[in-house]
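Notes follow once the structure below has been shown.
Each reported figure results from applying straightforward, stated rules to the coordinates on display, with no laboratory input. What you see is a predicted model; the values in this text were computed from it and never measured. No Cβ is skipped: glycine too gets one built from the backbone with ideal geometry, and neighbour counts run over all protein chains shown.
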Amino acid sequence: MFEEFTWDFIVGHMNYWLFIVLMMTGLYIVVARGNLVKKLVGLNIFQTSVFMLYISMGKITGGTAPIFPTDMKVDPDVIYSNPLPHVLILTAIVVGIATTSLALALIVRIREEYGTIEEAGLLEIESAIARADNKIHGEAMGGRA
Amino acid sequence: MATDVSHGAATAADHAHVALTLVDHLPVLVILVPFMAAPLIVLIGSRGLAWPIAFAASIVSTVVSFLLLMQVIDGSVISYHLGGWAPPLGIEYRVDAANAFVLLLVSGISTVVLPYARTSVAAEVPKRQHTLFYTAYLLCVTGLMGVTVTGDAFNVFVFLEISSLSTYVLIAQGSFRDKRALTASLDYLMMGTIGATFFVIGIGLLYMATGTLNMADIADRIAEQGSNRTVRSAFAFIVVGVGLKVAIYPLHLWLPNAYTFAPSAVTSFLAATATKVAIYVLMRFIFTVFQPGFPFAVNTLFYIIVPFALLAMFAASFIAIFQSDLKRMLAYSSIAQIGYILLGIGFLSETGLTASIVHLFNHGVTKAALFMGVGAFVLRAGGSFYDRLPGLGRSMPLTSAAMVIAGLSLIGVPGTAGFISKWVLVQAALELNWWPIALMIVASSLLAVVYVWRMVEILYLMAPADDKFHVQEAPMSMLIPLWIMALGCIYFGINTDLTMSAATTAAQGLLGEPAVMAGH
C-alpha cells in the first residue's frame, strides 16, 4: 500500500499536502481554542483550505487562464485551465463570507448577553442556569435534567 | 462568462426540449416562488404584509409540489433544464417520486406551521424582528426545497447553505425568551459549517474522479470506473458531512439545544423538515450516486450506520425519559426517531427503504404536532418544563388531546401514522431474518411509551399547580394547525394509499428498479 509514496509522488502533490495541513490546522483551532472569535478564524482557515483543493484540481499543466480572445478566434493549441472549479469556489467564498458575518453577529449578541466570549465562561454561566432550572423545575417533579 | 460560449450551439439545439407552458416549469416554480417572496418581504418592509406574503408563497409551493407528486407517482421522472442548458453541463432539476414526496412534506408543513407561527411568533419574538423573521423562514423553505429538487451535486451544497444560514438566524430568534438560543445557534453554525465543508470536499473529490457534477452522470461514471480511493474518500466525506445535518447519533450534539431554545414555530418546522431533507440527501447519494452495489457503501451502512442507528434508538430514548423539559424531551426523541429512519436505509432492501421514506413523512407530521402543542403550552402556561404543565388536560383540553394523539403516533400505536412506518420497518427486518433487530425496534418503542406516558400523566393525572394560575385554552390560530397535524397522524395511520404508494415508488426509484415496475 505504501510503495506508491515515492519522492515524486510527495513533491508532485505538494498543493494537496498543504491543503491537508491547512485543513487540519483550521479544524484544530476550532476544537482547541476557547475564544469564539479565534474559533471562527479556525473555521475560516478550514473553509479556505477547501478552496485550495478545488483550485488545484482545476489546474492543467501548462494551462493558461481560461479567457477566450475577444475576437473568439480560439487557437486550438493553447491549453486552458478548467474554469469550473474556480466558479464553484467563487460560490463557496460567498457562502463562507455569509457564514462568517452571521457568526460574528451572533458573537456580538453573545457578548452583550453573557458578557464574555470565552467558551469556559459561557459553559459556566449555562450550567449555572441549567442547575437553577433543575432546582426550580426538576425537583418539583422528582426528575432531573 | 466567456467559457460558456463554446456550448452555445448545444443549447440552441436543445431548445426543442425547453419547456414552454407553465406546467412544464413546475420544478423551478416550487422554489422560485418562496425565493422571490423572501426579498419581496424585505423590500416592502411592511410588518402587516410580511406574514400574508409568506403564507401565499408557501401555499403556492404546496400546490405545485402536490401537482409534481401527482405527475411522478407512477414512477416517471421529470428532468428540468435550468435556463435551457442541457445536463450534464447545465444544472438539472430532477423530480421523481422520492423528492416530490419530500417536497410535499416540506411545503405542506411550512403552510400549516405559518398560521400557527403568526400567533406564536408574535408572543415569542419582538415586533421589530417580524419582517426579517418571515424572510428567513421563506429562505429556509427555499433552501430545503432546493436541496430536494436539484439533480446537481454542487447545487445541493448551495441550497444546503441557504437553508442552514437561515436556520441559524431562526434559532437565534429564541434569544428573546432564553439567551442560550444564541450559543445553541453558534454551536450549530460551527458544526453545520464543518459538515457542509466536508460535503464540499466530498463533491470536489467526486468531480476529480468523474469530471462532472450532475448526479446521474456521476453515477454512470462511477459505475464505469468502479471503486477507487478517490471515490471511497468522497463517499466518506459526504456521509460524515450530511450526517452532521441529519444528526446521526454521535453527530447530534447541536440538536437538543437548537430545538429547545428556538422559537416554538421554528422548532416545529425544523423538526419536521430540516433533518428529513438531510436524510433525503443521504439516501440520494447512497442509492442514486454511489449505487447500492458499491461495496464500500454497503460496508459503511452495515458496520457504521446500522449500529449507530440502534444506539440512537436506545440511548436517545433513554435520555429523553429523564428530561424535565417537554421540549427537550421531544428533541431527544427526534434523535431516536432518526435512528429508525437510518435503520431502514441500512437494510438496503426495498421494504426497508419504503419504511424509511414513510417514517420520514409520518414522523415529520407527528413531531410538528407535538412541538406545536409545546408552543401552545409555552404561550399559555409560560414554559414547557413539566412543573408548568400539571392538570393542563383540564384547562387546555383541545391542546392536550392533540398532544396525546401525536404522542400515540410517536410510540407507534395501531391506528396512528407512527404504527404504519414501524410496522413496515419490522417487516423489513424480518424479511432479512434480522429478528433481533425487529425485537430491538419493539423494545425501543417501549421506551417511547415511558416518556409519552410521563407527558400524559402530568397533563391528565396530576393535580394543577398550587398557585392556581389561570390557564386558558390556546387560541384558534394555534389549535387549527395543531389539530390538522394531529388528525394527519390518524389519517395517515388509517388511509395509507398516498404515503405507501409514494414511498414504494420512491424506494423502487432509488434502488434503480425499472419505472415500469413502479406503481404496483
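Take the eigenvalues of the Cα gyration tensor for chain B, scale each by 5, and report the square roots as semi-axes in whole Å, largest first.
36, 27, 20
Within the set B:Lys179/B:Lys367; B:Lys245/B:Lys422; A:Lys38/A:Lys135; A:Lys39/A:Lys135, which residue pairs have Cα atoms separated by over 31 Å?
A:Lys38/A:Lys135; A:Lys39/A:Lys135
Return one number: the angle in degrees, 0 to 90 and rounded to the nearest 10, between the long axis of the Cα atoms of helix B:350-381 and the longest principal axis of the Cα atoms of chain B.
40
In debye, nearest 20: dipole of chain B around its Cα centre with unit charges on the Cβ of K, R (+) and D, E (-)?
1380
Give the Debye-formula value of log10 I(q)/I(0) at each listed q (0.06, 0.08 Å⁻¹), with one equal scatterer per alpha carbon of the protein assembly as shown, two decimals each.
Taking Cα atoms of the protein assembly as shown as identical point scatterers yields -0.33, -0.59.
P(r) of the range B:288-385 in 10 Å steps, Cα pairs, percent per bin?
In whole percents, the pair-distance histogram is 16, 37, 27, 14, 5, 0.
Which value, in debye to the nearest 20, describes the size of the charge dipole of chain A about its Cα centre when Lys and Arg Cβ atoms bear +1, Asp and Glu Cβ atoms bear -1, and nothing else is charged?
For this selection, approximately 420 debye.
What ranking do B:Ile218, B:Ile59 get, fewest neighbouring Cβ atoms within 10 angstrom at the top?
So the ranking, lowest neighbour count to highest, is B:Ile59, B:Ile218.
How shielded is B:471-477 by partner chains, expressed as the average number of their Cβ atoms within 10 Å of its Cβ atoms?
For peptide B:471-477, the averaged partner shielding equals 0.
Roughly speaking, what is the centre-to-centre gap between the range B:227-241 and the range B:256-332 when only Cα atoms are used, to the nearest Å?
For the range B:227-241 versus the range B:256-332, the Cα centre distance is 20 Å.
Which listed residue (B:Ile286, A:Ser81, A:Gly96) has the Cα farthest towards the positive end of the charge dipole for the protein assembly as shown, taking +1 on Lys and Arg C-beta and -1 on Asp and Glu C-beta about the Cα centre?
Most positive-ward Cα: A:Gly96.
Would you mind ranking B:Val60, B:Val102 so that the residue whose beta carbon has the fewest other beta carbons within 10 Å leads the list?
Listed from fewest to most nearby Cβ atoms, that is B:Val60, B:Val102.
Give the average, rounded to an integer, of partner chain Cβ atoms located within 10 angstrom of each Cβ in A:98-108.
5
Between the range A:34-54 and the range B:83-161, how far is it from one alpha carbon centroid to the other, in angstrom?
Value for the Cα centre distance between the two parts: 27 Å.
Using only atoms on other chains, find how many Cβ atoms lie within 10 Å of each Cβ of peptide A:118-124 and report the average.
1
When the helices in chain B are scored as -39500 (n - 2.57) per DSSP H run of 4 or longer and the sum is shared across all residues, what 222 nm value do you end up with, to the nearest 500 deg cm²/dmol?
Using -39500 (n - 2.57) per qualifying helix, the result is -23500 deg cm²/dmol.
What's the angle, to the nearest 10 degrees (0 to 90), between helix B:47-72's Cα axis and the longest principal axis of chain B?
With both axes taken from Cα atoms, the answer is about 50 degrees.
Remind me, relative contact order of chain A in percent, using alpha carbon pairs under 8 angstrom and six or more residues apart?
20
Listing B:His81, A:His86, A:His13 from the residue with the fewest other Cβ atoms within 10 Å to the one with the most, what is the order?
Final ranking by Cβ density, sparse to dense: A:His13, A:His86, B:His81.
Assign unit charges at the C-beta atoms only (+1 for Lys and Arg, -1 for Asp and Glu), then state the dipole size of the protein assembly as shown relative to its Cα centre in Debye, rounded to the nearest 20.
About 1800 debye.
Determine the shape class of chain A: with a ≥ b ≥ c the square roots of the Cα gyration tensor eigenvalues, call it rounded for a/c under 1.5, and otherwise prolate if a/b is greater than b/c, oblate otherwise.
prolate
Could you tell me which residue out of B:Leu425, B:Ile44, B:Pro397 lies farthest along the dipole of the protein assembly as shown toward its positive end? Charges go on the beta carbon: Lys and Arg +1, Asp and Glu -1, centred on the Cα centre.
Comparing the listed Cα positions along the dipole, B:Pro397 ranks first.
Angle between the Cα long axis of helix B:130-149 and the longest principal axis of chain B, 0 to 90 degrees, nearest 10?
It works out to around 50 degrees.
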